[in-house]
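Colleague: First the structure, which I've put down as structure tokens, then a few questions once you've had a look.
The values are calculated or read from the model by the stated rules, or taken from the named source; none is laboratory data. Everything numeric in this text was worked out from a predicted model, so none of it was measured. Here the Cβ positions follow ideal geometry from the backbone for every residue, glycine too, while neighbour counts run over all protein chains shown. These accessible areas exclude ligands, DNA and RNA; they are computed on the full protein's heavy atoms, side chains included. Shrake-Rupley method; radii C 1.70, N 1.55, O 1.52, S 1.80 Å.
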Amino acid sequence: MVSRVIPVDPFDLVIFGGTGDLARRKILPGLFRRFCAGQMEEDSRIIGAARSDMDSEEYRHFVREAITEFDPKTKGECAHLDEFLTRLHYVTIDALGETGWAELAELTRSDKVRAFYFSVAPRLFGPLAERLHLHGMADGESRIVVEKPFGRDLESARALNKVLAEHFEENQIYRIDHYLGKETVQNLMAIRFGNMLFEPLWNSQYVDHIQITVAESVGVGGRGGYYDRAGAMRDMMQNHMMQLLCLIAMEPPAKFNPDAVRDEKLKVIRALDPVREEDIVRGQYEGTEDLLGYRREAENPESTTESFVALKAHVSNWRWANTPFYLRTGKRLRERASEIAIVFKDAPHSIFDEDAGRHRNILTIKLQPNEGIELGVTIKEPGPGGMRLIDVPLDMSFAEALGPEEADFPDAYERLIMDVIRGNQTLFMRGDEVEEAWAWTDPIIAQWEDDAVPPIRYATGSSGPDDALMLMHRDGRRWREIKA
Ligand code: NDP
Ligand code: BG6
């Protein structure tokens, strides 16, 4: 069997915002797991950088606590934690001032791969790029990893692209969308382009419609400040949901290489029709006895920000003409369950009695929590009594099919950071892709702002507002149940 750990060259990874929430919860535990997997060469280093005044020893202590708290797999118990911590350094730095820059430049002077992860507030992305340039760290060997949100509309995304482009080439810029690092999301491409079975049917002639659901059971929690200025449309639809739609709808790229894949995704976004007002539903969750409602959680009693959005989209091209894509995402829904369902058309003619009922094949790609693929096929109900048809799933849970060890996939962040070190941009968004995605979402958001209509309230633990169900009922279709 092929080894799953493909070594990467020695690197220096600087995490701006190395003391922040994302670094503690995702980036540092992820790097630790890659270290345990043997993917970090001896002279690779991780350098935390933030304004907090501490030395490298104190930072190691900070990281030890973060890993112990947030690494669900090893809980920091990997025998190598002490060794991993020796790879860590810390520089006190101010993105907006001179503190720390000379020290960082000195520390990262080497022939190794050099990556700078911008895990800070978006207003600091531009200043960081500028200072890296000023201090001689923006040369051809450097890479920058830029967190989301990448702008809040087309104009701001363009401005950010422009600032970054002043100091870095496009092939040095890694715009993160962590959904692209999820195992099953990548599997989408393997399923489509690695099998002969599906691709001939992957078009409007055979597909009735497509449903993409990303449901979360949690609320906005401690991120209310950010979220209330974003909402589900900016937070999830413009990026994660859009990427899923692109991978489903795109034409086969000639090669699995960054620009070939991203060119095809871009064409999909450009082919999206504007969404009609009547084809969008926005919602906001209510509280329960135990859980705060959205407005209280976001600490904005008048908030009209949506925590749920459902819409019907059309990709206007030969492949998808008249095949609707129904997308929905929201917080505080019934369960944490995300899936893509390809619902095929009815057979053109039924040879069976009407009693046999109406049956459809559905290919479901389950993204989380239990990654897998399920294909619903129609068979005869076993036993005597004539020809009655039932649908049964051909179900492949990756954990069952591959065994727990093989199905113990790296977390999205781990995989994406290693891709940065390898210099592989396939799973990162290109500047033009991000701009086109904003160009599609901007008019929707502008319309909401003009209309000033508040979102529809929905109960915590529900499937979102009833109007979202109507969005499909109207077309004689229905959403699949939200279940893990
Ligand atoms: P936090 O507010 O938790 O952390 C911000 C970090 O930036 C801290 O380490 C802070 O440290 C540092 N910082 C602030 N000001 C400066 C400055 N002037 N110079 C240098 N460092 C500075 O944010 P998050 O970790 O939550 O988010 C970071 C980025 O990741 C954001 O862009 C966010 O949108 C994105 N993101 C976060 C997610 C999450 O779940 N947290 C999910 C998806 C994206 P100090 O105060 O010591 O300087
Ligand atoms: C983030 C959003 O990008 O993705 C969050 O900002 C959301 O609001 C999160 O909760 C969902 O990610 P995952 O991997 O838990 O589905």
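Colleague: Please report the carbon-and-sulfur percent of the accessible area for segment 11-147; probe 1.4 Å, protein heavy atoms only, DNA, RNA and ligands left out.
Modeller: After summing per-atom areas, the C and S share lands at 46 percent.
Colleague: Just for segment 11-147, what percent of DSSP beta bridges are antiparallel, to the closest 5?
Modeller: 0
Colleague: What whole-number distance in Å separates the alpha-carbon centres of segment 257-302 and segment 315-331?
Modeller: Between the Cα centres of segment 257-302 and segment 315-331 lies a distance of 14 Å.
Colleague: Please list, or write none, the aspartates and glutamates whose alpha carbon is within less than 14 Å of the alpha carbon of Lys26, excluding same-chain residues fewer than 8 places away.
Modeller: Glu65, Glu69, Asp71, Glu147, Asp177, Asp411, Glu414
Colleague: Which of the lysines could be linked to Lys265 by a straight reach, that is with a Cα gap under 18 Å, when you skip same-chain ones fewer than 8 residues away?
Modeller: Straight-distance partners of Lys265: Lys182, Lys255.
Colleague: Take the alpha-carbon centre of segment 190-254, take the same for segment 1-68, and report the distance between them in whole Å.
Modeller: 30
Colleague: Can you work out the Karplus-derived ³J(HN,Hα) for every residue in segment 110-127? Use 6.51 cos²θ - 1.76 cosθ + 1.60 with θ = phi - 60°, whole Hz, and x for glycine or proline.
Modeller: Result, ordered by residue: 6, 8, 6, 4, 10, 10, 10, 9, 8, 9, 10, 4, x, 5, 8, 4, x, x Hz.
Colleague: Using a 7 Å offset from the Cα along the Cα-to-Cβ direction at both Ala102 and Asn257, what is the distance between the two label points in nm, to one decimal?
Modeller: Distance between the two pseudo-spin positions: 4.4 nm.
Colleague: Whole number in Å², please: accessible area per residue of segment 11-147, 1.4 Å probe, ligands, DNA and RNA not counted.
Modeller: Here the residues of segment 11-147 average 43 Å² of exposed surface.
Colleague: Right, here's the next one. Across segment 21-34, in residue order, what do the Karplus-derived ³J(HN,Hα) couplings come to in whole Hz, using 6.51 cos²θ - 1.76 cosθ + 1.60 with θ = phi - 60° and x for Gly and Pro?
Modeller: After applying 6.51 cos²θ - 1.76 cosθ + 1.60, I find 4, 5, 4, 5, 7, 10, 5, 5, x, x, 5, 4, 5, 5 Hz.
Colleague: Restricting to the chain, compute how many DSSP beta bridges are antiparallel as a %, nearest 5. Please list the in-between numbers first.
Modeller: On the way: 41 of 75 bridges.
Here the antiparallel bridges make up roughly 55 percent for the chain.
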